[in-house]
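*Asks:* Please find one structure pasted underneath; my questions will follow.
Each value in this text was obtained by applying a stated rule to the coordinates, not by laboratory testing. All of these numbers come straight from a predicted model, not from anything done at the bench. Methodologically, a virtual Cβ is constructed for each residue, glycine included, from the backbone with ideal geometry; neighbour enumeration extends over all protein chains shown.
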Amino acid sequence: MRRFKLLLLATVSALVLASCGGGYSGALPTKSSGVVLQPTNGNWVLDGSSAVSPTNLLHLSGAFYVRGSAPGAPTVLFVDLLPLSPCLPAMFPDILSSVSATTNVITIHAVFGDTTLDASLTGSSSTLLIGTYTVTGGCANGDHGTLTATYVPPVDGSWTGPITTLSGTPTGAQMTLNLTQSSSEFLGFFPLGGTAQITGSTCLGTATVGSGIPEPLSPLMPGPAPLPSAINGSSLAVYLTSGSNTAVLVGGLDAPNYNKTMHALISSSSCAELTGMAVLVKQ
């Protein structure tokens, strides 16, 4: 699972730009009466808007999942956050986020190496929560601002688009990815299954979505253990297998409509023409 996190971070964080500022120790919002939180189980993204500098960026990918319930409110809420901002480094072994939920407030305390994130969210919508955040330590020390949490719908369905080289040159190959997302999660990760059809490829025409050995997208990913295809927040890794040929697709869903467009990197040691990029549109 740690290798899977690193795979997502190494790929998606390259698309995220951030700069850091500091100087705040204000309090999180107080609980408001009459608001009952009913967040939808599943993937979410958390985006911060800094009050310190408009160029500061906070972007997190994770999952809220209710484990048990009480009348009108969750009793246990779990979130496993993947930091997609350079000022929230991924450090292992993991320090999992601490989350508490009442009838009207979700409070998050997450540690990323030498950086601590504290946030509070509230709202009456099941798919949109708002609040504030503060950052302590690291290169974003003192940053604070407003925080928006947005639900990411399941990726079930057909995604289609062309495959290009890493420099953007068309390869003539086209991919159709048919995905099914599990409703059950493990530590914030939702397994993916399905099939893929690739035209213009001589060695990977029809493939199965499942577990696979990571392709060398990053020097941080040498491990031999098979990893499941899965999604966390708006970040996903999909392993394709057809006979002895394999490929891995790693990327993210585009904001604000996370069920519309997917940007991904593709790597294959057995199919050289499939090493590149793809922009897949939900059909």
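*Asks:* Sorted by average packing, counted as other Cβ atoms within 10 angstrom per residue and highest first, what order do 252-264, 106-118 take?
*Replies:* Going from most to least packed, we get 106-118, 252-264.
*Asks:* Which three lengths, in whole Å and largest first, does the stretch 157-282 cover when its Cα atoms are put on their principal axes?
*Replies:* Dimensions of the stretch 157-282 along the principal axes of its Cα atoms: 36, 34, 26 Å.
*Asks:* Could you list the square roots of 5 times each eigenvalue of the Cα gyration tensor of the stretch 221-283, that is, the equivalent ellipsoid semi-axes, sorted largest first and rounded to whole Å? Show your work: numbers first, answer last.
*Replies:* Numbers: eigenvalues 100, 40, 18 Å².
With the √(5λ) rule applied to the stretch 221-283, the semi-axes are 22, 14, 10 Å.
*Asks:* On full extension of the chain, what length is gained from Gln38 through Thr202, given 0.36 nm per residue of separation minus the C-alpha to C-alpha distance?
*Replies:* Length gained, Gln38 through Thr202: 54.2 nm.
*Asks:* So, R0 is 35 Å and r is the distance between the beta-carbons of Ala272 and Ser158; what FRET efficiency does that work out to, to 0.05?
*Replies:* Once the sixth-power term is evaluated, E becomes 0.85.
*Asks:* A further question follows. How many nm is it between the label spots at Asp254 and Asn178, if each spot is 7 Å from the Cα in line with the beta carbon?
*Replies:* 2.5
*Asks:* Hey, can you grab everything whose amide H is under 5 Å from the amide H of Leu57? Only 5+ residues off in sequence or another chain; H modelled, so Pro and N-termini drop out.
*Replies:* Here the answer is Ser19, since their amide H atoms fall under 5 Å of that of Leu57.
*Asks:* Let me ask another. From the phi angles alone, apply the Karplus equation (6.51, -1.76, 1.60; θ = phi - 60°) to the stretch 226-236 and give each ³J(HN,Hα) in whole Hz, x where the residue is Gly or Pro.
*Replies:* x, 10, x, 5, 7, 10, 9, x, 9, 9, 9
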